Amino acid sequence: MGSANITPSPGHLVPDRDNVWTINGANGLVLKDGYHFQAVMGYRIIAHESGYRVTTLYYRYRIACVGDELALIHWHPRGNSGYELPHVHLPQLKNGTEHLPTGRLTFEDAVEWMIQMSHQSARDDWPSVLGDSRAVHQEHRSWSTSPAEAGIV
Amino acid sequence: MSARTESMPVIEEMSFEQGRAMLAPLVQDRLGITLDEFVSRYDDGDFREDDDQTLGLVMMLPFVR
């Protein structure tokens with residue numbers, strides 16, 4: 001899609017505390033033709049038999065074009081929304097949507113959605129780059145379809 | 001592999017001060033209140049994370065505390 005910096009919160013490598021990262025602070029990534037991509041992911045570094053691992057706390061990916069929200073990809077099991085499972089909203093559908101249930105959607109998934117919707121990518125080999133990154137996630141993840149697999153909700 | 005390493009994104013950690021400077025105007029613009037009021041009212045359960053914009057603000061709270 002384009003280049004971006006990762007902006008983590010203060011003390012982002014400190015174990016046992018809630019942290020978050022975004023793309024380019026609150027700005028997200030602006031692409032040609034008015035496309036806009038934002039990503040926010042909460043995480044925690046926790047002890048593991050191999051040393052430490054990172055566990056995801058929540059995520060929000062937002063894909064928009066000239067102010068129109070195309071896809072809102074959410075998982076926020078904490079808080080007071082009352083909906084704890086991963087889901088998407090598709091605001092541009094005729095009647096909008098509430099919570100459309102999904103499995104776990106990764107950052108790589110969101111990047112691919114953005115590439116597919118905007119028809120923009122920074123490199124031709126993006127499928128293999130995303131595939132390699134997904135493979136690392138799949139090797140270490142504790143859940144994929146429902147967070148109940150990991151006893152989270 | 002080396003080509004991909006060369007294109008790795010820069011990681012720039014924010015300070016709490018920078019986090020407050022980032023979040024305060026967003027809160028003011030979207031909710032019309034100060035950051036401190038937002039944090040206090042969120043902790044009191046005043047905000048539901050039903051809309052995407054509020055959800056985004058809530059998720060970024062680790063930038064300020």
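The values are calculated or read from the model by the stated rules, or taken from the named source; none is laboratory data. A quick note: this is a predicted structure, and the numbers were derived from the prediction, not measured. All Cβ positions, even for glycine, are placed from backbone atoms using ideal geometry, and neighbour counts span all protein chains on display. Ligands, DNA and RNA are stripped out before the accessible areas are found, and what is left, the full protein with its side chains, is counted by its heavy atoms. Shrake-Rupley method; radii C 1.70, N 1.55, O 1.52, S 1.80 Å.
Here are a few things to note about the model shown:
- Of A:G28, A:G51, A:G42, the one that fluctuates the most in a GNM where chain A has Cα springs shorter than 10 Å: A:G51
- For chain A, the relative contact order is 15 percent, taking Cα pairs closer than 8 Å that sit 6 or more residues apart in sequence and dividing their mean separation by the residue count.
- Between the range B:22-65 and the range A:1-42, the alpha-carbon centres lie 17 Å apart.
- Folded to 0 to 90 degrees: helix A:126-140 orientation relative to chain A principal axis, Cα: 20
- When only the Cβ of Lys, Arg, Asp and Glu is charged (+1, +1, -1, -1), the dipole of the range A:6-148 relative to its Cα centre reaches about 280 debye.
- For A:Q138, the shell of other residues with beta-carbons less than 13 Å away shows a net charge of -1, using +1 for Lys and Arg and -1 for Asp and Glu.
- Cβ charges +1 (Lys, Arg) and -1 (Asp, Glu), total dipole of the range A:86-153, debye: 220
- Length available on full extension from A:Q120 to A:S50: 0.36 nm per residue minus the Cα-Cα distance, which gives 21.3 nm.
- The GluC sites (Glu not before Pro) of the range A:71-153 meeting both criteria, a DSSP state outside H, G, I, E and B (loop) and at most 13 other C-beta atoms within 10 angstrom of the site's C-beta, are A:E98.
- Computed per residue of chain A from DSSP H runs no shorter than four, each worth -39500 (n - 2.57), the mean residue ellipticity at 222 nm is -5500 deg cm²/dmol.
- The stretch between A:Q92 and A:A148 holds 17.1 nm of extra length on full extension. This uses 0.36 nm per residue minus the Cα-Cα distance.
- Accessible surface buried upon B-A contact (total; probe 1.4 Å; Å², nearest 100): 2500
- When the protein assembly as shown is described by a simple charge dipole with +1 on each Lys and Arg Cβ and -1 on each Asp and Glu Cβ, the residue from A:V14, B:Y42, A:L29 located farthest towards its positive end is A:V14.
- For chain B: relative contact order, % (alpha-carbon pairs under 8 angstrom, 6 or more apart): 38
- Longest to shortest principal axis, alpha-carbon extents of the protein assembly as shown, angstrom: 47, 47, 35
- Rounded percent of accessible protein surface that carbon and sulfur make up, the protein assembly as shown, 1.4 Å probe: 52
- Chain A: most fluctuating residue of A:S50, A:S118, A:S81 per GNM, C-alpha cutoff 10 Å: A:S50
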